[in-house]
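Just below is one structure, and these are the notes that go with it.
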Amino acid sequence: MAIITTKPKGTQDLLPADSHKWQFVESVVTEEAKKSGFSMLRTPMFEHTELFLRGVGDTTDIVNKEMYTFLDKGDRSITLRPEGTAGALRAAIENGLVHEALPVRIYYLGPCFRYEKPQAGRFRQFHQFGVELLGPAGYAADCETMSLGVRILRRLGLQNVSLQINSIGCKNCRADYQAALVAYFDQHKDQLCETCIERLGKNPMRILDCKCPTCQALAKDAPTNLEYLCDDCKTEFEHVKSQLQALQIPYVINERIVRGLDYYTRTVFEFVTGELGAQSAVGGGGRYNGLVADLGGPDLPGVGFAMGMERLVMLMEKQNAPFPEKEVCEVCFIPMGEQAVQKSAVLAARLREEGFAAEYDLMGRSVKAQMKYANRIGAKYTLVLGDNELAAGQANLKDMAGGEETAVPLTEEGLLEVLYQKNIDRMFGDIAEAAEQMNSQGE
Ligand code: AMP
């Protein structure tokens, strides 16, 4: 196929037939974030490469292998953002949000880019929804963000997604753990990939989330960090668990979660499903206490998470979770001739002002072809407008489901009155039907 009609590998088109699904998920995540006090932040899709080297970490797979980095025409090294946190914090620091009332609560939603091997659920351009909560140092904030994630999954109707938690400790206890990791991996050095041999000297924890099968196999038996936590980190993790219990949020402890980014401290977590093949994480996040300072801001602790929009939609489809219906055309006008098109345009405009979806033919098609179109888009009503109807100032509104026709005056208010009445009748009909169903279930 010609290259200009083929999308780049690992990217996707969101087609009109599916766009309502995305709009639904977007509206749920933003509504839930707003209910918890988060406000939207939109940052550029590209940043100075240095930000990610510092913010994500130069020993991570993301930075080592997956970034879309290029020189712009001014010879600046630019990178398409591979995740949202670094840019969000850069913006919070640059714009002084970190000096305003604390905590800072921001959410973002937008595309991210990683040069990964595409497979089901893994793309080179994907979309993340994420939140960052800056200021609070304690476990309550960790649980506040996790509970937002859980609420979102519930509202989307998703099932069997487990919240997996771990603590990867702080600067103080990490040294001991890293020493234990080095001792372990050193014995198996000959089986590590080249990148991991380098990591062994620089940042051994990153070996735990290397994607090479041999490194992954070795990582399975590596020492886990919970046993190396200092007393403060242990107590904090106990608090996290009891707060989750108080919130009635089920969780599983998974000591293998270390997260693929360098900035995490203490609590880390993932939302995991067994239903998306190899790509089991629908979201993940954790606490990052040194990151704001590392990026040139004040010493402000933070916690956040990101969810993959593609994976949320895929999982909903897989589980047949209900998406709301696509916006349905209330009235499809079927005009014949220029005057009728004009009348349709005027009536459709008024209907739209009142919140009804309306369409009319712009193709100059026959009545038969227009009716076929109205059927295809699932219009609730059609209204044929020809010279006779225009002269009489009246036309027949046809119910496309039942077939019955109602004479309506061809005035804006006249048509609206009939539509309102029909909507009320339909609503009462639905209520009566639901009541009957409930009665028959009770019998
Ligand atoms: P991460 O910070 O890498 O854990 O990413 C957070 C979430 O973004 C993951 O749990 C996924 O749902 C999603 N995600 C990450 N990388 C990709 C990708 N390449 N394609 C699709 N979704 C992704």
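The values are calculated or read from the model by the stated rules, or taken from the named source; none is laboratory data. Since the model is a prediction, treat every value here as computed from it, not as a measurement. Virtual Cβ from ideal backbone geometry, glycine too; neighbours counted across all protein chains shown. Side chains are part of the model used for accessible areas, which takes the heavy atoms of the whole protein and leaves out ligands, DNA and RNA. Shrake-Rupley method; radii C 1.70, N 1.55, O 1.52, S 1.80 Å.
Is the stretch 338-346 home to any residue that is touching a residue at least 12 places away in the same chain (Cβ under 8 Å), assigned to a strand (DSSP E or B) and either under 26 Å from Gly110 (Cβ atoms) or among the hydrophobic types (A, V, I, L, M, F, W, C) (or both)?
No, there is no match, as no residue in the stretch 338-346 is touching a residue at least 12 places away in the same chain (Cβ under 8 Å), assigned to a strand (DSSP E or B) and either under 26 Å from Gly110 (Cβ atoms) or among the hydrophobic types (A, V, I, L, M, F, W, C) (or both).
Which of the residues spanning the stretch 97-119 are near the ligand (Cβ under 10 Å from one of its atoms) and not basic (Lys, Arg)?
Listed by number, the residues that qualify are Cys112, Phe113, Tyr115, Glu116, Pro118, Gln119.
So for the stretch 386-402 (the condition being farther than 30 Å from Ala17 by Cα, of a type in the set (D, E, K, R) and touching a residue at least 12 places away in the same chain (Cβ under 8 Å)), does at least one residue qualify?
Within the stretch 386-402, one or more residues are farther than 30 Å from Ala17 by Cα, of a type in the set (D, E, K, R) and touching a residue at least 12 places away in the same chain (Cβ under 8 Å).
Please state which of the following conditions Cys112 fails to meet, knowing it meets all the rest: (1) surrounded by fewer than 20 Cβ atoms within 10 Å (Cβ to Cβ); (2) free of Cβ contacts under 8 Å to residues at least 60 places away in the same chain; (3) touching a strand residue (DSSP E or B) at 6+ places or on another chain (Cβ under 6 Å); (4) not small (Gly, Ala, Ser).
Against the list (1) surrounded by fewer than 20 Cβ atoms within 10 Å (Cβ to Cβ); (2) free of Cβ contacts under 8 Å to residues at least 60 places away in the same chain; (3) touching a strand residue (DSSP E or B) at 6+ places or on another chain (Cβ under 6 Å); (4) not small (Gly, Ala, Ser), Cys112 comes up short only on (1).
Could you figure out which of (1) without any contact (Cβ under 8 Å) to a residue 60 or more places away in the chain; (2) under 21 Å from the mean Cα position of the chain (by Cα) isn't true of Gln279?
Result: Gln279 fails condition (1) only.
Of the numbered conditions (1) more than 16 Å from the ligand (Cβ to nearest atom); (2) in a loop (DSSP other than H, G, I, E, B); (3) touching a helix residue (DSSP H, G or I) at 6+ places or on another chain (Cβ under 6 Å), Val328 fails exactly one; give the number of that condition.
(3)
Scan (1) within 16 Å of the ligand (Cβ to nearest atom); (2) part of a loop (DSSP other than H, G, I, E, B) for the single condition Thr267 breaks and write down its number.
Looking at each condition in turn, Thr267 falls short on (2).
Looking for something more than 16 Å from the ligand (Cβ to nearest atom), surrounded by fewer than 20 Cβ atoms within 10 Å (Cβ to Cβ), closer than 22 Å to Arg42 by Cα and among the polar types (S, T, N, Q) - is there at least one such residue anywhere in the stretch 168-177?
Scanning the stretch 168-177 turns up no residue that is more than 16 Å from the ligand (Cβ to nearest atom), surrounded by fewer than 20 Cβ atoms within 10 Å (Cβ to Cβ), closer than 22 Å to Arg42 by Cα and among the polar types (S, T, N, Q).
How many of the residues making up the stretch 255-288 are closer than 18 Å to Met146 by Cα, of a type outside the set (D, E, K, R) and open to solvent by 40 Å² or more (accessible area, probe 1.4 Å)?
1
Which pairs turn up if I take residues in the stretch 208-233 that are at positive phi and look for partners that are open to solvent by 60 Å² or more (accessible area, probe 1.4 Å) with beta carbon separation below 7 Å, at least 6 apart in sequence or on another chain?
none
Ala183 versus (1) among the aliphatic types (A, V, I, L, M); (2) touching a residue at least 24 places away in the same chain (Cβ under 8 Å); (3) more than 16 Å from the ligand (Cβ to nearest atom); (4) open to solvent by 30 Å² or more (accessible area, probe 1.4 Å): which is the lone unmet condition?
Failed condition: (2).
Looking for whichever is assigned by TED's automatic domain parsing to the domain that holds Pro409, farther than 22 Å from Ser19 by Cα and crowded, with 19+ Cβ neighbours inside 10 Å here; the options are Met363, Met336. Which one fits?
Criteria check complete, one pass: Met336.
Can you name the residue in the stretch 241-264 that is among the small types (Gly, Ala, Ser) and not in a loop (DSSP other than H, G, I, E, B) and is also nearest to Arg174 (Cα to Cα) among such residues?
Ser242
Could you list all residues from the stretch 215-227 that are outside any loop (DSSP other than H, G, I, E, B) and open to solvent by 70 Å² or more (accessible area, probe 1.4 Å)?
Gln216, Lys220, Glu227 - these are the residues of the stretch 215-227 that are outside any loop (DSSP other than H, G, I, E, B) and open to solvent by 70 Å² or more (accessible area, probe 1.4 Å).
Look at Ala17 and say whether it is outside any loop (DSSP other than H, G, I, E, B) and modelled with pLDDT under 95.
Taking the combined requirement at face value, the residue satisfies it.
So in the stretch 72-96, with the set limited to residues that are open to solvent by 40 Å² or more (accessible area, probe 1.4 Å) and assigned to a helix (DSSP H, G or I), which one is nearest to the ligand (Cβ to nearest atom)?
For the stretch 72-96, the residue satisfying everything is Arg90.
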